[in-house]
Amino acid sequence: MNVNEQLFLAINNLSLLNIGILNVFCVFVTLYSPYLYAILLVVTYLLNHKNQALNAFYIALIGLFVNYTIGLFYYHPRPFVEGLGNLLIQHAENSSFPSNHATLAFAVSFGFWYSKEKLLSIASFVFALITGFTRVFVGVHFPFDIIGSFFVAIVALVLFNAFRAYFEVLSRFLIKLQVKIFKSVGLKV
């Protein structure tokens, strides 16, 4: 048994303790974290932190595109496909590396590093760590999948910074478009 499998079992076996609130919390986070991040981005945007929300969105999109590209060339079975651990949710038997949920979480948190709201940046990073932990806890990812996602999010951040000028042009266009749409339907901008 390799280190990745040993770490997986150490974390996933915590679910066998049947601590109800912990199991429910981990299942909730693992299932709904993408929606929570989407809500966070929308709320951040609407609270007039438009550029921070858009930057985080772009970094997340880049990260998920990198994940997709990796998936075209590399397959790694999920723990339950290998007969390991305790599975708390149903999941497709697609590649486990890297985790889309964790990549999204880390990428959004990196996007908030540009924010003046440091508490938001720190809180979103802590929630990204929690999201990664829950993916292992519920039995759908190995720890190295989560670590890989962290590095994919860093790559996404680097790519974003390399093309930042283009993203700034896109952001200005999208913000102007949003203002125009809101005004046309009588909403306050």
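The values are calculated or read from the model by the stated rules, or taken from the named source; none is laboratory data. Every value quoted in this text rests on a predicted model; they were computed, and no experiment measured them. Note that each Cβ is placed from the backbone with ideal geometry, even for glycine, and that neighbours are counted across all protein chains shown.
Below, the figures for the structure above:
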read-out	value
Neighbours by Cβ (under 8 Å, 6+ apart or cross-chain): first from segment 131-153, under 19 Å from Val66 (Cα atoms) and free of Cβ contacts under 8 Å to residues at least 12 places away in the same chain; second part of a helix (DSSP H, G or I) and of a type in the set (D, E, K, R)	none
Residues that are among the aromatic types (Phe, Trp, Tyr) and in contact with a Ser or Thr (Cβ under 6 Å, 6 or more places away or on another chain), drawn from segment 107-136	Phe112, Trp113, Phe125
Test: residue in segment 178-188 that is out of contact with any strand residue (DSSP E or B) (no Cβ under 7 Å at 6 or more places or on another chain), among the hydrophobic types (A, V, I, L, M, F, W, C) and within 30 Å of Leu72 (Cα to Cα)	no
Residue in segment 63-81 that is at pLDDT 95 or above, touching a Pro at 6+ places or on another chain (Cβ under 7 Å) and surrounded by 19 or more Cβ atoms within 10 Å (Cβ to Cβ) present	yes
